[in-house]
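Please read the structure below before turning to the comments.
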Amino acid sequence: MTARIRIAFAAAVALAGLGSPAVAQTATDLACKGCVGKKDIGKSAVTGNKIRKNTVKAKHLHKSAKPAGVASKFSLTPVPLTGTYETVFSLSLTAPGPGTVVATASFNAHHINPGSIHGCTIVDGTTSGLNTSLNEGTGYVTVSLTRPLPVAAAGPVAVNLMCTEAGGNVEIENINLIALFVPASY
């Protein structure tokens with residue numbers, strides 16, 4: 001058969017098929033390269049060693065899996081205390097979701113008058129002063145407080161160091177306030 005006859009025969013066969021209806025069916029014998037199958041997305045299919053470095057960011061994680069974050073503030077300036085609980089030092093951080101803020105405050109309390117007493121607590125505006133330190137004396141006392149503050153949802157969290165004094169003149173100084181957001185409790 002010459003090339004011209006083969007082309008004419010192929011054209012006649014193709015034209016003969018135009019009069020019959022087309023039938024669709026699913027291909028079952030495909031050899032697919034690069035397709036995603038059940039074993040590719042099944043249990044334990046995606047592991048840490050299969051994810052390129054720096055491709056998964058905190059913004060891609062569920063709110064319960066956000067990484068920890070920290071805020072801190074420091075002051076050397078003496079703060080005189082009064083006879084009522086007042087916020088003497090504060091900081092704010094933004095929680096990415098529910099979790100806990102672990103707040104720590106440390107400072108030096110300078111008891112100027114003999115018998116003076118001071119009390120301090122860490123609060124976030126929604127919790128009461130359950131974590132109170134009370135110190136009495138003359139001279140300097142070093143104080144450290146730590147308190148977990150529950151966070152119900154994403155948003156700003158104010159962490160306040162509140163203090164009062166009684167029986168004399170008290171100043172606090174060298175204040176260090178640290179707030180660490182932790183996304184889950186164990």
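Could you please let me know if Thr146 is loosely packed, with under 15 Cβ neighbours inside 10 Å, in contact with a Pro (Cβ under 7 Å, 6 or more places away or on another chain) and either assigned to a strand (DSSP E or B) or modelled with pLDDT of 85 or more (or both)?
Working: loosely packed, with under 15 Cβ neighbours inside 10 Å: yes; in contact with a Pro (Cβ under 7 Å, 6 or more places away or on another chain): no; either assigned to a strand (DSSP E or B) or modelled with pLDDT of 85 or more (or both): yes.
In short, no.
If you scan the range 89-115, which residues turn out to be touching a Phe, Trp or Tyr at 6+ places or on another chain (Cβ under 7 Å) and closer than 12 Å to Ala152 by Cα?
Hits for the range 89-115 are Ala95, Gly99, Val101.
Pick from the range 48-82 the residues that are of a type in the set (S, T, N, Q), open to solvent by less than 60 Å² (accessible area, probe 1.4 Å) and in a loop (DSSP other than H, G, I, E, B): which of them is modelled with the lowest pLDDT?
Per the stated criteria, the residue is Thr55.
Scan the range 167-186 for residues that are surrounded by fewer than 16 Cβ atoms within 10 Å (Cβ to Cβ) and either of a type in the set (Asp, Glu) or touching a Leu at 6+ places or on another chain (Cβ under 6 Å) (or both) and jot them down.
Passing the criteria: only Glu173.
Do the conditions hold for Gly115, that is, is it modelled with pLDDT under 85, over 21 Å from Ser92 (Cα atoms), not in a strand (DSSP E or B) and not polar (S, T, N, Q)?
Here the answer is no, as Gly115 does not meet what is asked.
The values are calculated or read from the model by the stated rules, or taken from the named source; none is laboratory data. Since we're looking at a predicted model, the values are computed, not measured. All Cβ positions, even for glycine, are placed from backbone atoms using ideal geometry, and neighbour counts span all protein chains on display. We work out accessible area using only protein heavy atoms, side chains counted, and drop any ligands, DNA or RNA first. Shrake-Rupley method; radii C 1.70, N 1.55, O 1.52, S 1.80 Å.
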